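**Q** Structure incoming, see below.
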Amino acid sequence: MNYTKIVYLQYGEPEVMHLTQSPLPTPKENEILVKVYAAGVNPVDYKLRNGSMRFLVGKKFPKTPGGEIAGVVEQCGSQTGFFKPGDRVFAMLPLSGGGYSQYLCIPESLLSLMPENLSFNEAAGIPLAGLTALQALRDKGNLQKGMNVLVNGGSGGVGMFAIQIAKAYDAKVTAVCSGKNIDLVKSFGADNVIDYEKEDFTQSDEQFDIVFDAVAMSSPGKCKKILTSKGTFISTIPSPGIMLRQIINPLLSQKIFGIMCKTGGKDLDVLARMATEGKLKCHIEKKYPLHMAPEAHHHIQSGRVKGKLVLETIEQQK
């Protein structure tokens, strides 16, 4: 039996991606073969495809993009034990990707059971962006009840989940977005919204315990004034300057972090519980069939996506 996946044989524009057929893979002893119904599309996908991150993934081709999936367990390796065929699962994949595919072998440790109240598309949009937001706020920001949190980029994938996660922790949330997205961002639970087209959030009179730059468009220096004396600034891009400054965090009251999301089923279980309890939802702006992966990459490259984009790798029953 053959299955379909997206591959590219060289770095370049979205059009380097094309469909190919491969024999069905067999899971190793610690792996699960998943029939993938949907794959999330993220900015890191096009940065890997265009070669911007070749220093991390090398020049070995072919490559298949995709860092998050949702699907159904098809076959279990001999040393797996938690999942069984038929289970609905979702996962964040390693940087090497592979998600734009109808079938995929995944280490069992990366999988989590899908919340029953989510569709495959919704579940596929959560892992990478959701884990980034969770690990940034909880692990770097030490998120606690009653904290005052600002999220820059509240209408994007990471920002959308950051707002909801902060609210699940009973924090107060101010989100930054363009005026046309204010209603959407409020629907995620933001208490206050700043329209960046009318107001510079870094000049706010209010101070925040956490400033999370979910679109990496600001800087610690610009945000210093709006941080409390023991506040934390977190960026989704760990630039060299931020990483150097991070080294001396123990010596200073204000902390600065760059977040590099870690895969793992246990943290996905946390997000799954939030979704099951109705505290976490995924807004899908648009879905594409698998063969339209190049169009999806043109869309994500625009930087104007509200929520998430997904690829339907297998046609789903309506």
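**Q** Where is the GNM fluctuation largest for the chain (alpha-carbon springs, 10 angstrom cutoff): 225, 255, 60?
**A** Result for the chain, Cα springs under 10 Å: 60 fluctuates most.
**Q** Could you check how much of the accessible area of the chain is carbon and sulfur, as a whole percent, using a 1.4 Å probe?
**A** 52 percent
**Q** Also, quick follow-up: In a Gaussian network model over the chain where Cα atoms closer than 10 Å are linked, find which of 110, 251, 33 has the largest mean-square fluctuation.
**A** Largest GNM mean-square fluctuation: 251.
**Q** Please sort 291-300, 215-224 by packing, taking for each peptide the average over its residues of neighbouring beta carbons within 10 angstrom, highest first.
**A** 291-300, 215-224
**Q** Provide the per-residue ³J(HN,Hα) series for region 227-241, in order, calculated from phi with Karplus coefficients 6.51, -1.76, 1.60 and θ = phi - 60°, each as a whole number of Hz, with x at glycine and proline positions.
**A** Going residue by residue, I get 8, 5, 4, 10, x, 10, 9, 10, 10, 7, 10, x, 5, x, x Hz, with x marking Gly and Pro.
**Q** Rounded to the nearest whole Å², what accessible area per residue is found for the chain with the 1.4 Å probe? Don't skip to the end; give the middle numbers.
**A** Numbers: 14460 Å² over 318 residues.
Per residue, the chain has an accessible area of 45 Å².
**Q** Per residue of region 10-16, what does 6.51 cos²θ - 1.76 cosθ + 1.60 with θ = phi - 60° give for ³J(HN,Hα)? Whole Hz please, x for Gly and Pro, Karplus curve as stated.
**A** 7, 6, x, 6, x, 5, 6
**Q** A further question follows. I'd like the antiparallel share, as a percent to the nearest 5, of DSSP beta bridges with both residues in the chain. Could you put the intermediate results ahead of the total?
**A** Numbers: 32 of 59 bridges.
In the chain, approximately 55 percent of DSSP beta bridges are antiparallel ones.
**Q** Where Lys and Arg each count +1 and Asp and Glu each count -1, what net charge lies around residue 209 among other residues with Cβ under 10 Å from its Cβ?
**A** Details: positive: 172, 230; negative: none.
My count for the surroundings of residue 209 gives +2.
**Q** Could you work out how far apart the two model spin labels at residue 230 and residue 59 are, taking each label as a point 7 Å from the Cα in the direction of the beta carbon, and quote it in nm?
**A** Each label point is offset 7 Å from its Cα along the Cβ direction, giving 5.1 nm.
**Q** Follow-up question, since we're still on this one. Using helices alone, what [θ] at 222 nm do you get for the chain, with -39,500 (n - 2.57) per DSSP H run of 4 or more residues, divided over all residues and rounded to the nearest 500? The partial results should precede the final answer.
**A** Details: 10 runs with 75 residues, N = 318.
That calculation yields -6000 deg cm²/dmol at 222 nm.
**Q** In whole Hz and in residue order, list the ³J(HN,Hα) couplings for region 190-203 that follow from phi through the Karplus curve 6.51 cos²θ - 1.76 cosθ + 1.60, θ = phi - 60°; x for Gly and Pro.
**A** Using θ = phi - 60°, the values come out as 4, 6, 9, 10, 10, 7, 5, 6, 10, 8, 8, 5, 6, 9 Hz.
**Q** Could you work out how far apart the two model spin labels at residue 283 and residue 254 are, taking each label as a point 7 Å from the Cα in the direction of the beta carbon, and quote it in nm?
**A** Simple spin-label model gives 3.0 nm for this pair.
**Q** Still on this structure, I have one more. Can you give the Rg to Rh ratio for the chain, taking only C-alpha atoms and Rh from Kirkwood?
**A** Numbers: Rg = 19.5 Å, Rh = 20.0 Å.
Taking Rh as the inverse mean 1/r over Cα pairs, Rg/Rh reads 0.98.
**Q** What residues have an amide H closer than 5 Å to that of residue 258, excluding those fewer than 5 places away on the same chain, when H is modeled at 1.01 Å from N in the peptide plane?
**A** Result for residue 258 returns 235.
**Q** Search the structure for amide H atoms under 5 Å from the amide H of residue 214, placed 1.01 Å from N in the peptide plane, and list their residues when 5 or more places away or on another chain.
**A** Residues meeting the amide H criterion: 152.
**Q** Considering only the other residues whose Cβ falls under 12 Å of the Cβ of residue 254, what net charge follows from Lys and Arg at +1 and Asp and Glu at -1?
**A** On the way: positive: 224, 225, 230, 245, 255; negative: 209.
Taking every Cβ under 12 Å from that of residue 254, the sum is +4.
**Q** Could you run the Debye sum over the Cα atoms of region 95-236, one equal point scatterer each and no solvent, and tell me log10 of I(q)/I(0) at q = 0.10, 0.13, 0.15 Å⁻¹, two decimals?
**A** The computed values of log10 I(q)/I(0) come out as -0.36, -0.58, -0.75.
**Q** Here is a follow-up. Given R₀ = 41 Å, FRET efficiency for residue 84-residue 295 by Cβ-Cβ distance, to 0.05?
**A** Working: r = 36 Å, r/R0 = 0.88.
About 0.70, to the nearest 0.05.
**Q** Now, a different point. For the pair residue 239 and residue 30, what calculated FRET efficiency results from E = 1/(1 + (r/R0)^6), where r is the Cβ-Cβ distance and R0 = 41 Å, to the nearest 0.05?
**A** Numbers: r = 35 Å, r/R0 = 0.86.
After rounding to 0.05, the efficiency reads 0.70.
**Q** What residues have an amide H closer than 5 Å to that of residue 193, excluding those fewer than 5 places away on the same chain, when H is modeled at 1.01 Å from N in the peptide plane?
**A** 175
The values are calculated or read from the model by the stated rules, or taken from the named source; none is laboratory data. Source: prediction; values computed, not measured. Every residue, glycine as well, gets a Cβ built from its backbone with ideal geometry; the counts of neighbours run over all protein chains shown. Accessible surface is based on the protein model in full, side chains and every heavy atom, while ligands, DNA and RNA are left aside. Shrake-Rupley method; radii C 1.70, N 1.55, O 1.52, S 1.80 Å.
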